[in-house]
Amino acid sequence: MKRLLLALMLVGTPAAAQGIPDALRGTWGQGACATPSALLHVTARSVARLPADGPARLVRLRGLRPFGDWTLGIGAGAEAPRVLLRAAGDGLETMEPDAKLRDDRLPGDTPVLQWQRCTTPPPGLAALHGEGLAVLAALERLEAACQGGTTAPCIAALVAVGDVSGDGMLGVAEVARLLRGTAWALAAQDGATPAALAGATGLGAAAALALARIAVEGLDFDGDGRLSVAELGQDRAQWPAGTGDPAGRPGALEALGEGAGLLRALLERVAGP
Ligand SMILES: [Ca+2]
């Protein structure tokens, strides 16, 4: 009977409308906040554990449900990694069950990790993780806006999450920030060490900047150096009218290829399954 109840508790609700409870979100540390042995950053749908020494673990959740007094998050991907979180006084407790542990045996002998709230990042860790963690939250907002199936809210969300300066447009530095943060998230998802994360965001910064320039220039129709919602939505927010010209005959499209914008590719990926 207990097993059955547990099994029922584990029956999935689709990607939890509420996300991880607010009180559990934010940045946590083990040891002193100035020199933590590990950081834990929790967003609505992600848990990033960042040891000072060792591989990062980023779990992006596709489902959440209560599990006793814990919140159980189930990650995307074939392994469906699981993370359990709960408040403990002013602190946070987490468990990361082994992939081989069956759902009906949870939590088994999974160790409980204790975390304390860390509000101010030390400079080194802020430089290493700050931008990536910010973009992690931005990606969630983009996914939520873009998976609705229409383009206009997706483009509006891209500008909203990327617009640091508040002018309602995206400049080269703002696009580069999104690309650097995405590179960080990819590296963290692959279990990068701090050194590898520094490489992804540091050495990758030049590449991100070059890509950002191409992306902005490719869509900056009025040439002001920034991308507006209208520029991002050009030919995309609605179907173009079926005009054309009956004269002429088909030529070679290949010669015109390669020019499509990187941001458009990004939006397509984000909106995908
Ligand atoms: Ca522009």
For the residue pair Asp53 and Ala126, what label-to-label distance in nm results when each label sits 7 Å from Cα along the Cα-to-beta-carbon direction? 2.6
Could you compute Rg(Cα) / (2.2 N^0.38 Å) for the range 2-120, with N its residue count? 1.03
For the range 108-150, the percent of all C-alpha pairs falling in each 10 Å bin, from 0 up to the bin holding the max distance, is 21, 27, 29, 21, 2
Compute the acute angle (0 to 90°) between the alpha-carbon long axis of helix 172-189 and the principal axis of greatest extent of the alpha-carbon atoms of the chain; round to the nearest 10°. 40
Report the Rg/Rh value for the chain, based on alpha-carbon coordinates and the Kirkwood definition of Rh. 1.04
Arrange the following residues from fewest to most other Cβ atoms within 10 Å of their Cβ: Val159, Val83. Val159, Val83
FRET efficiency for Gln238 and Ala205, Cβ-Cβ distance as r, R0 = 41 Å, nearest 0.05? 0.70
Highest to lowest packing among 106-117, 22-33, 174-185, scored as the average C-beta count within 10 Å: 174-185, 22-33, 106-117
Each label sits 7 Å from Cα toward the beta-carbon; between Ala76 and Ala32 the label points are separated, in nm, by 3.9
Sort Leu133, Leu84 by Cβ crowding within 10 Å, fewest neighbours at the top. Leu84, Leu133
Footprinting proxy, Asp103, Asp167: sorted fewest to most Cβ within 10 Å, the residues are Asp167, Asp103
Magnitude of the charge dipole, the chain, Cβ model with Lys/Arg +1 and Asp/Glu -1, debye to 20: 980
Signed unit charges on C-beta, dipole axis of the chain, positive-most listed residue Val161, Gly124, Gln18: Gln18
Per DSSP helix of 4 or more residues, -39500 (n - 2.57); summed, then divided by the residues of the chain. What does that give at 222 nm, rounded to the nearest 500? -12500 deg cm²/dmol
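Every number here is computed from the coordinates shown, using simple stated rules; none is lab data. These numbers come from a predicted model, not from an experiment. FYI the Cβ positions are ideal-geometry reconstructions off the backbone, even for glycines, and counts take in every protein chain you see.
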